[in-house]
């Protein structure tokens, strides 16, 4: 029977926010329920449930049913009980799995008085498996008329208010398992992430790239300019570095004859935490033999635009009330030209260092004794130019001084063939024509090592094995790095990197301990 006034579970139940003391009381009540279930011979944490379809598949198969229509089709679905409302001899629930939600239509006349009472004893947040027939209420809500059910996992802690979710931002990140349960937007952000990363992988594979895995623990600090995490390898009694980039092992594979390779993996930088930085984050790096940075521009444009379409169905994104189109081609401009355009000063890596430092003085920017004109040029760009670039822009031809792994520019020895992609004032991608001259490479490594010896914690070591690999011959190549987390921030329209990392780095939670888990 489907009465006209049957409430829809999705729109009718309101769960009031409760205090921590009330939450502790609810937990005690649920522990008591747990004990009663076991006394009655019911296992509240069974090993499995054999469902025959997801809720999304159920909706796809039966979405055309008319209001009030009932079928004889028996289905078995499972998920978390998000809402439950009792109305006399009927109870309406809302069951959610990863693919969607469906209403449960639970009748005392179908289940019998005792089983109906057992269903009503379930709590919001419990995982439940149900069997029943497919129907649509007279209000038009696709439902499962439950003929039997099984508790799959008893939730001992109450979910937050269904409208407010977790009010504390740190709690959202710390208890991501709760955030994903009650926060629709959090689930949306990660759906964007999964779709975008999958699209990137598919395109690279379609272009003949091999996906590989490279070591996380490295004997040398290198591949980027950053402060590393250091750990101790007990078996060898040596210190090792968590990788700060994927670059050098991937280019060793070019030497070995793998002409197109990529990796999507975690890298680690022992630096600050803010809205754009997390100590561990995800990078895509891809390397292609026989090309240069011009191929990498086209590849970057295609990967980003394709990820946007896969995630959002369009290349346009909304950034703080402004529409930005990621469709290629993007603007191309040299770093020196862009500095002149945005700041109105002439500075370049080939000028005398005294003149470059004087430019920084006039602009109110600090410089250090070891900086050359190239490092000064980059400082102006970093501090005054990059934050103002909103539209997708390819910033070409960086100073040699700040790019130890890039090939010298074929027309200006003070520059390298390197570009960054800037969108919304943030770096999205970085790419080079890769340096493959072993004599030049070891000279640059030695410059880096000298900076490190002088106290620069971000400077790298001499990677002698990598130089040896280059001496066996690495073909000309273009290489690309894309920060996956920043790409997802862009596509999902969020301002903090913590929103796009499932478990971001946080300070330890104060006070959480044994007292928070009292027995019944």
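The values are calculated or read from the model by the stated rules, or taken from the named source; none is laboratory data. Note that the structure is a prediction, hence the values are computed from the model and not measured. Note that we place each Cβ from the backbone using ideal geometry, even for glycine, and neighbour counts take in every protein chain shown.
Annotations
- Exclusive hit being without any contact (Cβ under 8 Å) to a residue 60 or more places away in the chain, buried (at least 20 other Cβ atoms within 10 Å of the Cβ) and part of a helix (DSSP H, G or I), set 447, 440, 401: 401
- Residue within the stretch 494-510 that is in contact (Cβ under 8 Å) with a residue 60 or more places away in the chain, surrounded by fewer than 23 Cβ atoms within 10 Å (Cβ to Cβ) and at positive phi present: no
Yes or no, residue by residue, for (1) buried (at least 17 other Cβ atoms within 10 Å of the Cβ); (2) within 26 Å of residue 187 (Cβ to Cβ); (3) in contact (Cβ under 8 Å) with a residue 24 or more places away in the chain:
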| residue | (1), (2), (3) |
| --- | --- |
| 271 | no, no, yes |
| 275 | no, yes, yes |
| 296 | yes, no, yes |
| 302 | no, no, yes |
| 305 | yes, yes, no |
| 314 | no, yes, no |
| 336 | yes, no, yes |
| 351 | yes, no, no |
| 355 | no, no, no |
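- Residue within the stretch 372-382 that is over 23 Å from residue 460 (Cβ atoms), in contact (Cβ under 8 Å) with a residue 40 or more places away in the chain and assigned to a helix (DSSP H, G or I) present: yes
- Within the stretch 405-418, not a single residue is within 27 Å of residue 498 (Cα to Cα), under 29 Å from the mean Cα position of the chain (by Cα) and not in a helix (DSSP H, G or I).
- The set of residues in the stretch 253-285 being over 16 Å from the mean Cα position of the chain (by Cα) and within 17 Å of residue 496 (Cα to Cα) consists of 271, 272.
- Counting the residues of the stretch 79-90 that are under 23 Å from residue 52 (Cα atoms) and free of Cβ contacts under 8 Å to residues at least 40 places away in the same chain gives 0.
- Unmet criterion (only one of (1) within 13 Å of the chain's Cα centre (by Cα); (2) assigned to a helix (DSSP H, G or I)) for residue 482: (2)
- Of the criteria (1) closer than 19 Å to residue 289 by Cβ; (2) surrounded by 14 or more Cβ atoms within 10 Å (Cβ to Cβ); (3) modelled with pLDDT of 95 or more, which one residue 223 fails: (3)
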